[in-house]
Amino acid sequence: FGIDRSHRVLHGALLDAQLLAQVYVELMGGRQIGLGLVSDIVVADTGPVVASAPRIVRPPRVFTVPEGELLAHAAFMKGISDPLWGAVASG
């Protein structure tokens, strides 16, 4: 792909990510669109490819909180002095 690797002194995830990003750009329409090395093929630009899949909507789960946890949470909340959400709620 003609990607410059001369700056690679050490092996690292950031350098690998930069290299992979450059390869991705080239594959998505840079100087070489595909992995094939044939240069005689003319590819027509038909615009973006949109794949649609059926959307699965599930009903939300309802979780019950034990009474002991509700009481512990209420006690914890009372112990916080000058809570931010109290100022926001009162306007």
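The values are calculated or read from the model by the stated rules, or taken from the named source; none is laboratory data. The shown structure was predicted, so the numbers you read here are calculated from the model rather than taken from an experiment. Cβ sites come from the backbone with ideal geometry, for glycine too, and all protein chains shown count toward neighbours.
Couple of notes before you dig in:
- Candidates in the range 59-81 are the residues that are of a type in the set (Val, Ile, Thr) and surrounded by fewer than 10 Cβ atoms within 10 Å (Cβ to Cβ); of these, the one that is nearest to Met28 (Cα to Cα) is Val62.
- Among the numbered conditions (1) of a type in the set (A, V, I, L, M); (2) surrounded by 10 or more Cβ atoms within 10 Å (Cβ to Cβ); (3) modelled with pLDDT of 80 or more, the only one that Ile56 does not meet is (2).
- Scanning the range 66-87 for residues that are within 31 Å of the chain's Cα centre (by Cα) and either of a type in the set (A, V, I, L, M) or modelled with pLDDT of 85 or more (or both) yields one hit, Leu84.
- Arg8 vs. criteria surrounded by 10 or more Cβ atoms within 10 Å (Cβ to Cβ) and either in a loop (DSSP other than H, G, I, E, B) or at pLDDT 75 or above (or both): yes
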